[in-house]
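Please read the structure below before turning to the comments.
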Amino acid sequence: MPATPKSPGRRRPVHPKAVPGARPSAARAVSTAFEALGFAPEEAEHLRIRAELMLALTQLIAAQGWTQAEAARRLGVTQPRISDLTRGKIDRFSIDTLVDLLTAAGAGVTVTVRRRRRAA
């Protein structure tokens with residue numbers, strides 16, 4: 001896809017990468033996908049959690065209609081940092097950082113711990 005030139009002053013809002021109304025069970029499928037890629041179960045769980053938090057933050061930014069620059073200003077980070085978020089650069093965000101950003105955006109973060117099912 002050819003790049004389109006930016007017009008000065010043109011503000012493009014951040015768009016979420018996920019389909020709104022995704023099934024809650026999709027989170028487990030993500031962990032399975034990370035495991036299928038060869039990650040250890042513990043690392044796959046960390047990746048799943050980070051992906052879920054990144055998705056929530058990206059959707060929150062989009063729902064507010066914030067541009068990347070505005071989101072960066074409101075969250076106290078740089079615009080390239082928001083770009084990393086919207087482009088799904090999962091390796092650049094820790095769980096702690098994502099919780100901090102969600103809190104700064106006005107979201108509440110709840111943790112649910114459940115027993116993991118073992119395959120027979």
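Each Lys and Arg contributes +1 and each Asp and Glu -1, all at the Cβ; summed about the Cα centre of segment 36-76, the dipole is approximately 260 debye.
In plain terms, the chain from E35 to R92 could stretch by 18.5 nm, reckoned as 0.36 nm per residue minus the Cα-Cα distance.
Relative to its Kirkwood radius, the Cα radius of gyration of segment 26-104 gives an Rg/Rh of 1.01. Separation of segment 79-95 and segment 59-77, taken as the distance between their Cα centroids, equals 13 angstrom. Summary value for segment 26-104: 31 percent relative contact order, contacts being C-alpha pairs under 8 angstrom separated by 6+ residues. What the phi angles of segment 34-41 give under the Karplus curve with 6.51, -1.76 and 1.60, with θ = phi - 60°, is a coupling list of 5, 5, 5, 7, x, 6, 4, x Hz, glycine and proline written as x.
Where a number appears in this text, it was derived from the coordinates with a stated rule and is not lab data. In this text the structure is predicted, and so the values were computed from the model without any measurement. Every residue, glycine as well, gets a Cβ built from its backbone with ideal geometry; the counts of neighbours run over all protein chains shown.
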